[in-house]
Amino acid sequence: MVPIILCGADEAGRGAILGPLVVSMVGVKSSSVRRLTDIGVRDSKLLSEKRRKRLYDDIVSIANAVKVRCITPAEINDAMASDISINEVEAKAFSEIFNDIDGDVSLVYLDSPDVIPERFGVRFSMYSTRPTRVIGVKGGREKGIKYTRIISEHKADARYPVVSAASIIAKVTRDEEIAKLQRRLRLKIGSGYPSDDLTVKTIRNNLKNEALGEHIRLRWSTVDRIKQTSLLEFA
C-alpha cells in the first residue's frame, strides 16, 4: 500500500534585510506525525538554537522527504524591481520544492504570509505541476483526478507538527548560511534582521563593501534609512 504523505511548509528569514530567505517542506507518512510530537517538535521560534539543531537530525530521520530552497537577496531584489511581491516569490519556491517530492502527497499545510491565507494557497497551486485543490476556495474538479489538498493558514507552524518541523529545518539552514557568510566575509553580521543592532551597524559601516552588498535586500525600507542616515552623518 502506498503510504499517505502529509507535507508541511514554512520559511525562515522573510523579514531579514541581509541573507537568504529559506523555504522548507517536510513530508512524513501520516502514521509518523505522532513521532514528530513525541520528540518535541514545535514552532522553531519557541526553541533554543541547541534544541533546534538536535531536532533537525531527528526530523530528517523520521521524514520521508526534506526539501530546502535558499532564495538569495539578488533574487528578491530582482523580483521587487519587477513588481513581483515577496509572497509570490515564496509561493513559487514552495511549489518548486513540492514538485520535487517523490511519491503521492495527500495533503500540504502551508504557513501563509498573506493576509488572505487562501490566496497564498492559490498562488502555490498555480505553480504546482501536480493537481491540487485549495481548501476554502471554490473551483471545478474533474472526475478521476487525484488532487493534493492544500490547507493554507496563518500560524500553521503552531498548529501542525509537520509545519513546525519545516520551520525548524528552515531556521537551522538559514542560521548555517549566516554563519558561513560571516566566515567568508570576515564580518560579524548578527542575525540579519532589522531589529538587530549589530546587523544595522555592520551594513552602515560597510555600505561600499561590494562583497557584503551582494547579500543585502536593497529595496527594504530599513536599508534606505541606513543609507540616508549615513549620508547625513557625513554631510
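No value in this document is a laboratory result; all are computed from the given coordinates. Worth saying up front: this structure is predicted, and the values here are computed from it rather than measured. When we count neighbours, we look across all protein chains shown, and the Cβ atoms used for this are built from the backbone with ideal geometry, even at glycine.
Within segment 139-207, the GluC sites (Glu not before Pro) that combine a DSSP coil assignment with at most 12 other C-beta atoms in a 10 angstrom radius are GLU142. How far is helix 117-127 tilted off the main Cα axis of the chain, in degrees rounded to 10, range 0 to 90? Approximately 80 degrees, to the nearest 10. Which shape class, rounded, prolate or oblate, goes with segment 185-233 when its Cα gyration tensor gives a ≥ b ≥ c as root eigenvalues, a/c under 1.5 marks rounded, and past that a/b bigger than b/c marks prolate? Since a/c stays below 1.5, the shape of segment 185-233 is classed as rounded. When the trypsin sites (Lys or Arg not before Pro) in segment 131-186 are filtered for DSSP coil states and for at most 13 other beta-carbon atoms within 10 Å of their beta-carbon, the remaining sites are LYS138, ARG141, LYS143, LYS146, LYS155, ARG186. In the chain, the longest principal axis of the Cα atoms and the axis of helix 86-99 are about 40 degrees apart. Within straight-line reach of LYS50, meaning a Cα separation under 18 Å, sit the following lysines at least 8 residues removed in sequence or on another chain: LYS171, LYS180. Each Lys and Arg Cβ is given +1 and each Asp and Glu Cβ -1; about its Cα centre, the chain then shows a dipole of about 420 debye. Alpha carbon centre of segment 134-176 versus segment 105-119: separation in Å? So the two Cα centres are separated by 5 Å. Remark on segment 1-52: Rg and Dmax equal 13.9, 46 Å (Cα only). Taking the empirical scaling 2.2 N^0.38 Å for compact globular proteins as reference, segment 96-235 has a Cα radius of gyration ratio of 1.42. Compared with the direct C-alpha span, the chain from THR229 to LEU46 gains 62.5 nm at full extension, assuming 0.36 nm per residue. Extension gain for TYR193-SER61 works out to 44.4 nm (0.36 nm per residue, less the C-alpha to C-alpha distance). Counting only DSSP H runs of at least 4 residues, each contributing -39500 (n - 2.57), and dividing by the residue count of the chain, the helix-based mean residue ellipticity at 222 nm comes to -14000 deg cm²/dmol. The distance between label points at ALA74 and LEU218 comes to 1.2 nm (points 7 Å beyond Cα on the Cα→Cβ vector).
Comparing SER106, SER85, SER48 in a Gaussian network model of the chain, where Cα atoms under 10 Å apart are tied by springs, the biggest mean-square fluctuation is seen for SER48. For the chain, the residue among ALA165, TYR147, ALA91 whose Cα projects farthest onto the positive side of the dipole built from Cβ charges is ALA165.
If R0 is 22 Å, the Cβ-Cβ spacing of GLU210 and ALA179 corresponds to a FRET efficiency of close to 0.55. Report D for the chain in µm² per second (integer): Stokes-Einstein, Kirkwood Rh on Cα pairs, 10 °C, 1.306 mPa s. Taking Rh from Cα pairs, D becomes 85 µm²/s. Subtracting the Cα-Cα distance of TYR147 and ARG133 from 0.36 nm times their residue separation leaves 4.4 nm of extension gain.
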